Amino acid sequence: MKYGYFDDAAREYVITRPDTPLPWINYLGSDGFFSLISNTCGGYSFYKDAKLRRITRFRYNNVPHDDGGRCFYICDGDAVWSPAFLPARTELDSSLCRHGMGYSVFEGWKNGVGAELTVTVPLHTDMEVQKLVLKNESGEEKRLTVYGVTEFCLWNSVDDSTNFQRNWNIGEVEIEGSAVYHKTEYRERRDHYSFYSVNAPISGFDTDRDTFLGRFNGWSGPDAVKKRVSFQSVASGWAPIAALRLDIALAPGESRALIFRLGYVENEYEKKFAAPGIINKEKARALMARFETEAQFDAAMDELKAHWDALLSRFTVESGDKKLDRMVNIWNQYQCMVTFNMSRSASYYESGTGRGMGFRDSCQDLLGFVHLIPERARERIIDIASIQFEDGSTYHQYQPLTKRGNADVGSGFNDDPLWLIACTCAYVRETGDFAILDHPTPFNNEKGSEAPLMEHLRRSLNYTMTHRGPHGLPLIGRADWNDCLNLNCFSTTPGENFQTCSNYESGRAESVFIAGMFVKYGREFAALCERLGLADEAERALASADEIERAVLEYGWDGEWFKRAYDAFGRPVGSSENEEGRIYVEPQGFCVMAGIGGADHGKRALASAEKYLGNDYGIEVLSPCYKEYHDYLGEISSYPPGYKENGSVFCHNNPWITLAYCKLKDGNGAFRLYTRNAPAYIEDKSEIHRTEPYCYSQTIAGRAARNYGEAKNSWLTGTAAWSFAAVSQGILGIRPEFDGLTVDPCLPDHMEGFRVTRLFRGTRYEISVTRGENKGMKVDGKPVSGNTAPLTEAALCRVELVI
Ligand code: GLC
Ligand code: GLC
């Protein structure tokens, strides 16, 4: 069943009822100020760092899950309601939520009064702006009391929800006109404050939460709202809020727009105060002045739309398949931008208080946004490479505010270094910016240690080659892509982190997956060397790749599929010799993409993956699932069967299999798998899938799970980038190369062809692919040999391919 529908022309998902199976969220913001917003107006805002600069509160583990985000109350006679249903929870006569590109709209109607709330974070603006339009279509005069309320977080979101002995003493606000300024800790070391205001005179305010709510009330029925009053409370400690009240009369047919603004300001140290103890509000006033009128707001919405038009016009397809088009043209690319902004930090599943930026995650995310924002991709690569160590290993994570490696987690995830090659090669193919390879890039952020980025790639390869086990396969370390396959950690203490507890470096635990990666990216590195004229180095890299390939064929092939690993005792993992975990998905994907063993091994590996791991929603991680915990395998066996790494469809790796099908030129196989979990194709199973039907989730519970088919952890997943790579480069086959754009589709039989517009190196390539007799490619009307359109200075290049 569905809870809404796609409006492709508007690039929106329209949710037609508030009781979606889970909060269905959207992301606002693209520079520094970010907001999460659910279909009932829940969520929270932060500036750059969801842990350290949290602007509004969010209660993890709260019931209901999504209460107390943006609170609007409309009091009309006896009725009190909210445009987005929550928090008032009054049943509306009708309601809608439209999630669009960087904004969300909520429309609620009750007793002839309409409220249309549009929420966005305008471009280049550290502020969430909420336009509330009230309409009276009841035929009689309405006297409304309207409240807009926000609850401030005392900045550090972890401290905010733990350190009450301090925090219940420090809350401070200032109130001026129609604005409440939240200035907790500003008196001492902070140089930032936030504010919430409205563009009209208010009738009253509250800034102390408990006064506003009253004892025993939640957000659904605050005392002030029940009484239609404000208590003019001034927060002093406890929980500062901004509750702005407006008494409004609307004649029949009249409408009125209010603009609420939740902003964030940083002041220079010398300019913190306007008078002793009084914050300098200049910047806040300037921000508010930009959103005083409806026209200003609407202009910002137009700008936002133009921004997304421009971004999304860089890759568009018309395939005749509506679902494919909406994934490719809208939602998959949108999700890629979200993962660029958020990495794995802030969602309804990632609390924003834990992980920083993952090394491997960030490298892979880049595959999905490099064509959209190449300049920012460049900066990201340098940031990532700067946490690598001199020996080629690397910190596993870094903090976005400091860009320093995260010492708590440390290093030892042996796949990490190779992802740097993957993303750098992808970047150079996309942009032709070979100069990045000369960029002086430090090791471990140490001044004076700078070496060209190219040297970092070299050390990545070298690290794998010099860290190999008894079968000549790469050592796994704490884990490889599968964070939960911890072959050297042996954790037996409850609560301990499975990956970082210890790392025995047995010198034996090996990963066939890393071997597959090495062969694939080692060869990509060799191609890069060749292109740079480094023939000897290219040859050495190829020889290394060949050597690892031989090791895989000898020790990593199980007969019908690729093995997964060898454990610390030299026993195989993911082999027919095992009782559980006999086959894993990851090496089937990567070894086949790398071409190891050619079509013969490839076909058998994919057939086995489908046979043992295939379900209605994709390919599961492993089978049979582990039923007991094994300390020599680690976290993977800690999950109940069918969940997470223990046998769910871990969506991130499914596109590897799709790409593996493409490698074997099996268009039907590729498309079949792609459509099994691409959100638009499973929209009508929303009651089973439960997460948003417009974005990928990390996992879908496998057959062994009680809740088979249920997804979790939506939005922040490498699935976004890899799915876009699979569909755009695999199925549609549009692949950037160093010296041109290759068009090499791998279509299912039923698809006749497609048109793609692709911006590449400043040229708009208009590509048409059809089936026909006269096979071959024409570029601007002239036949060319092969299927790569060359680079050109022209603004437009027409490519026709007959397959
Ligand atoms: C999570 C991690 C990612 C890892 C994956 C599989 O998505 O962010 O780094 O590869 O899980 O364990
Ligand atoms: C857990 C999760 C895994 C994730 C890791 C990140 O192990 O199961 O998916 O990659 O945490 O820290």
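The values are calculated or read from the model by the stated rules, or taken from the named source; none is laboratory data. None of these values were measured; they are calculated from a predicted model. Please note: Cβ atoms are built from the backbone with ideal geometry, for glycine as well, and neighbour counts cover all protein chains shown. Note: accessible area is taken over every heavy atom of the protein model, side chains too, but ligands, DNA and RNA are not part of it. Shrake-Rupley method; radii C 1.70, N 1.55, O 1.52, S 1.80 Å.
Any chance region 158-166 includes a residue that's touching a Ser or Thr at 6+ places or on another chain (Cβ under 6 Å) and under 30 Å from residue 125 (Cβ atoms)? Looking for residues that are touching a Ser or Thr at 6+ places or on another chain (Cβ under 6 Å) and under 30 Å from residue 125 (Cβ atoms), one finds at least one in region 158-166, hence yes. Taking residues in region 608-629 that are within 13 Å of residue 700 (Cβ to Cβ), and partners anywhere that are open to solvent by 20 Å² or more (accessible area, probe 1.4 Å) and not β-branched (Val, Ile, Thr), the pairs with Cβ atoms closer than 6 Å and at least 6 places apart or on different chains are 613/623; 615/703; 617/676; 618/676. Of the residues making up region 332-351, at least one is within 15 Å of ligand 2 (Cβ to nearest atom), farther than 13 Å from residue 27 by Cβ and in contact with a helix residue (DSSP H, G or I) (Cβ under 9 Å, 6 or more places away or on another chain).
Could you list, in sequence order, all residues of region 595-604 that are assigned to a loop (DSSP other than H, G, I, E, B) and open to solvent by less than 10 Å² (accessible area, probe 1.4 Å)?
Result: 596, single match.
A single entry from 505, 510 fulfils the requirement of being more than 29 Å from the chain's Cα centre (by Cα) and crowded, with 24+ Cβ neighbours inside 10 Å: 510.
If only residues of region 332-357 that are open to solvent by 10 Å² or more (accessible area, probe 1.4 Å) and within 10 Å of ligand 1 (Cβ to nearest atom) are counted, the one that is farthest from residue 317 (Cα to Cα) is 355.
Yes/no matrix, rows are residues, columns are (1) among the charged types (D, E, K, R); (2) part of a strand (DSSP E or B):
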position	(1), (2)
85	no, no
89	yes, no
104	no, yes
135	yes, yes
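When residues in region 1-13 are screened for being of a type outside the set (D, E, K, R) and part of a strand (DSSP E or B), 4 of them pass.
Just one of the listed residues (360, 380) is over 28 Å from residue 683 (Cβ atoms) and within 13 Å of ligand 2 (Cβ to nearest atom), namely 360. Cβ-Cβ distances below 7 Å connect the following pairs, each with a first residue in region 267-284 that is part of a helix (DSSP H, G or I), a second residue that is among the hydrophobic types (A, V, I, L, M, F, W, C), and a separation of six or more residues or different chains: 283/265; 284/195; 284/265. A single entry from 393, 319, 362, 351 fulfils the requirement of being more than 27 Å from residue 731 (Cα to Cα) and at pLDDT 95 or above: 393.
Within region 709-779, considering only strands (runs of 3 or more DSSP E) that don't extend past its boundaries, which have at least 1 residues that are under 24 Å from residue 614 (Cα atoms) and aliphatic (A, V, I, L, M)? Working first, answer last.
Values: elements: 711-714, 734-737, 740-743, 753-760, 763-770, 776-779.
Here the list reads 711-714.
Contact map, region 356-374: first residue aliphatic (A, V, I, L, M), second residue open to solvent by 10 Å² or more (accessible area, probe 1.4 Å) and at pLDDT below 95, Cβ cut-off under 6 Å, separation 6 or more or different chains; pairs are 357/400. Among the residues of region 633-644, those identified as within 12 Å of ligand 1 (Cβ to nearest atom) and either at pLDDT below 95 or buried (at least 24 other Cβ atoms within 10 Å of the Cβ) (or both) are 634, 636. Just one of (1) touching a strand residue (DSSP E or B) at 6+ places or on another chain (Cβ under 9 Å); (2) aliphatic (A, V, I, L, M); (3) under 23 Å from residue 663 (Cα atoms) fails for residue 543. It is (1).
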